[in-house]
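Asks: Okay, handing you the structure first.
Nothing in this text is a laboratory measurement; each read-out follows from the coordinates by a stated rule. Bear in mind that the values here come from a model prediction, so they are computed numbers and not experimental data. Cβ: placed from backbone, ideal geometry, glycine included. Neighbour counts: every protein chain shown.
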Amino acid sequence: MKAFIRKQRYLIDFTLSSLLRRPGKNLGLLVVYSLIVFLLASVMLFTHALRSEARLVLADSPEIILQRMVAGRHDLIPGSYLEKMGRIRGVIGKHGRLWGYFYDPAVQANYTLMVPRDRQLAEDEAVIGAAIARTRGVSRGDFLTFRSTDGNAYSFRVSAILASDSELVSADLILVSEQRFRTFFGIPEGYYTDLVLNVRNPKELRKVAEKLTLRLPDTRPILRDEILRTYDAIFNWRQGIVFVLLTGTILAFVIFAWDKASGLSAEERREIGILKAIGWETSDVIRMKFWEGAIISLSAFLLGYLTAYGHVFYANAGLFEPVLKGWSVLYPEFRLTPFIDGLQLATLFFFTVFPYTVATIVPIWRAAITDPDTVMR
Amino acid sequence: MRKSDLFILYLGTLSGLLLLSLVDAGNRSHLATQQLAETRREVRALELTDLSLFTEARYTRHLSQSDRHTPFQDHPLALEHFPSGSLVAPPTLLRSGR
């Protein structure tokens, strides 16, 4: 065992010296290789963390939301639908929800106005999301004035700012009283944006939704599962889109790496010939080349992954922000919680380290089994 | 120092950092438990349904609540042009190729 380790160390010594004889070429390869791993790992870590966080925080969203559809569009739903749907087994609570959008021309941003059920607000009072406070430059006690649909201006006193820790779900929220919400948007008493149904047993959700569509055919139930699936699909799709966009780059790298790893230069061919002539065995030459591939690919994997980790979880994925942000004026400031999928990490390791190492060995094996004299000529 | 020693040291350091990143991830997600619980409480109390990641258009703000055709609500040819629209997956039926 000791002899084996000693032999490997000599081989590594030799391989490193050989790599350092062509520093520009090998360093260039390492930088490009690491950059590719960095991009792939960043997308992977970012989407997985965001997907996990979405799944975790939205797990407490309403079990069923019932929207009324008129001519294929979401419309206000009368409160009488709560009685009309009757008693459904498994439903332990039902009520109307009031929320809507408001476009603020001052900062060209869309806000989500909402009536909270967990607190009582005075008519002129508003609780705002941290991103709105930041964008509008307001703090507690300041006033926000908006022009409503009837042309009147309404002032809201900012009584609190929602915790910045929960910005991911509340960045653009403005919580107002029911009275003010109805006056502001001109929504008559007894009408809601949608209805919320609480169901105790998640297994009964589908059955409840079926009953709802039978009893209220002009409505559309949205289940919590569907909400969670929407976000799963979005992040899978987006990860897919980024990978598709990266395909060109990856293919260019694969060609470059394959050419570098599998195509032997005359110099390398001569080197193998000399090694064989001075007594190296074929297996030693292959081992030496294995180390060459392993040194480069392992370094690229580790460097790429570590910089990606820093980028996503310490630099807030700065490179991806413009993609996610789009034209949003209000964008939440959030620090992602690192959720790492071991299988994803192993897949990345396998697909970055294994092919390159194999690609270096095969042509060497071909060259190494030929006669040294032929190789050197 | 031999080159192989330096290499082993270098590889050891990077592998150590990789392990450290896993420990850091575990540690940070443990520390974030409180904050995530707080966010969940807010989601439950305010009955929220979506992440406020895409606030640029009203139909991208609540992706789970909006209809597929909402980008075209202004008029039938009002083509969807907001960047985040391109991040939304097409319906499953289209993706399954049927």
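Asks: Under the 0.36 nm per residue contour assumption, what length would be gained going from the current alpha-carbon distance of A:ALA346 and A:ILE369 to full extension? Please report the intermediate quantities before stating the final value.
Replies: Details: separation 23, 0.36 × 23 = 8.28 nm, distance 3.35 nm.
Stretched fully, the A:ALA346-A:ILE369 segment lengthens by 4.9 nm.
Asks: Now for a separate question. Roughly what would the spin-label model give for B:GLN35 and A:LEU35, points 7 Å off Cα along C-beta, in nm?
Replies: The two pseudo-label positions are separated by 3.2 nm.
Asks: Expressed as a rounded percentage, what relative contact order does region A:50-115 have, with Cα pairs under 8 Å and six or more residues apart?
Replies: On the way: 35 pairs, mean separation 10.7, N = 66.
Relative contact order, region A:50-115: 16 percent.
Asks: Starting from the Cα of A:SER164, step 7 Å along the direction of its Cβ; do the same at B:ARG2; then give the gap between the two resulting points in nm.
Replies: Using points 7 Å along Cα→Cβ, the separation is 5.4 nm.
Asks: Ok, one more. At what distance in angstrom do the alpha carbon centres of region A:40-81 and region A:205-281 lie from each other?
Replies: Result: 25 Å between the Cα centres.
Asks: Same structure again: List the residue ranges in chain A for DSSP H helices whose C-alpha atoms run 24 angstrom or more along the long axis and whose Kyte-Doolittle average is -1.0 or above. Let's see the in-between values first.
Replies: On the way: long enough: A:2-20 (27 Å, 0.22); A:23-57 (49 Å, 1.22); A:224-262 (52 Å, 0.60); A:282-313 (46 Å, 0.80); A:342-368 (38 Å, 1.29).
Counting only whole DSSP H runs, the qualifying helices are A:2-20, A:23-57, A:224-262, A:282-313, A:342-368.
Asks: At a threshold of 8 angstrom on Cα-Cα distance, excluding pairs fewer than six apart, so keeping six or more, what relative contact order does chain A reach in percent?
Replies: On the way: 525 pairs, mean separation 108.3, N = 377.
Taking the mean separation of contacting Cα pairs over the length of chain A, I get 29 percent.
Asks: If you take every DSSP beta bridge fully contained in chain A, what fraction is antiparallel? Give it as a percent rounded to 5. Each step should come with its number before you reach the end.
Replies: Numbers: 33 of 40 bridges.
Roughly 80 percent of the beta bridges in chain A run antiparallel, per DSSP.
Asks: If the reach is capped at under 20 angstrom between alpha carbons, list the lysines near A:LYS7, excluding any in the same chain fewer than eight residues apart.
Replies: Straight-line reach from A:LYS7, under 20 Å: A:LYS276, A:LYS289, B:LYS3.
Asks: Using 0.36 nm per residue of separation minus the Cα-Cα distance, give me the extension gain between A:LYS207 and A:ARG229 in nm, one decimal.
Replies: 6.1 nm
Asks: Test of understanding: extend the Cα→C-beta vector of A:PHE143 to 7 Å, then name every residue of region A:151-170 with backbone N under 11 Å from that spot.
Replies: Correct set: A:154-158.
Asks: Can you give the extra length, in nm with one decimal, that the chain gains between A:SER18 and A:ASP259 once fully stretched, where that is 0.36 nm per residue apart less the Cα-Cα distance?
Replies: On the way: separation 241, 0.36 × 241 = 86.76 nm, distance 1.82 nm.
In short, 84.9 nm is gained.
Asks: What value, in deg cm²/dmol to 500, does the helix sum -39500 (n - 2.57) over DSSP H runs of n ≥ 4 give at 222 nm once divided by the residues of chain A? Can you show the working numbers first?
Replies: On the way: 13 runs with 208 residues, N = 377.
Helix-only estimate at 222 nm: -18500 deg cm²/dmol.
Asks: Got a sec? How would A:LYS25, A:LYS2, A:LYS203, A:LYS289 order by Cβ neighbour count within 10 Å, fewest to most?
Replies: A:LYS2, A:LYS203, A:LYS25, A:LYS289
Asks: What does the charge count near A:THR112 come to, summing +1 for each Lys or Arg and -1 for each Asp or Glu among other residues with Cβ under 11 Å from its Cβ?
Replies: Counting the neighbours of A:THR112, the net charge comes to 0.
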